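For reference, the structure discussed in these notes is given below.
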Amino acid sequence: MTKLDATRFSRHEGYEVLDLINSFQAKGGGALTLKSQQIIEWMLHERLPSNIQGRAQVKAWVVDNFSQMKDGYPF
């Protein structure tokens, strides 16, 4: 197993998605709101580009894109 394989993120594995969402914190260190967690889940399932695969890359992508994508959340 390579280092890349060890840090690869799969949006199709529910436990990986949940673990990644739970790793985020709100500004100030508190827990995210349920709405923010749902937006991140939607982003991961529906908007994450296929070329972004490492866990650190995925987290960086979410942070970089959250503010502009949250208004497109359909629910």
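The values are calculated or read from the model by the stated rules, or taken from the named source; none is laboratory data. Model, not experiment: these values are computed from the prediction. Note that we place each Cβ from the backbone using ideal geometry, even for glycine, and neighbour counts take in every protein chain shown.
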Quick check on region 47-58: of everything there that is within 16 Å of Glu13 (Cβ to Cβ) and part of a helix (DSSP H, G or I), which residue is nearest to the chain's Cα centre (by Cα)? Val58
Which residue pairs have Cβ atoms under 7 Å apart, sit 6 or more places apart or on different chains, and have a first residue in region 51-71 that is on the phi < 0 side of the Ramachandran plot and loosely packed, with under 14 Cβ neighbours inside 10 Å and a second that is part of a helix (DSSP H, G or I) and polar (S, T, N, Q)? Ala56/Thr7
Counted residues, region 1-59 - those being under 18 Å from Met69 (Cα atoms), among the acidic types (Asp, Glu) and at pLDDT below 95: 0
Ser36 passes all but one of the listed conditions (1) under 15 Å from Val63 (Cβ atoms); (2) loosely packed, with under 14 Cβ neighbours inside 10 Å; (3) not hydrophobic (A, V, I, L, M, F, W, C); the exception is number (2)
List pairs: first residue in region 27-44 and assigned to a helix (DSSP H, G or I), second residue surrounded by 17 or more Cβ atoms within 10 Å (Cβ to Cβ) and at pLDDT below 95 anywhere in the structure, Cβ distance under 8 angstrom, at least six positions apart or on different chains. Leu44/Arg11
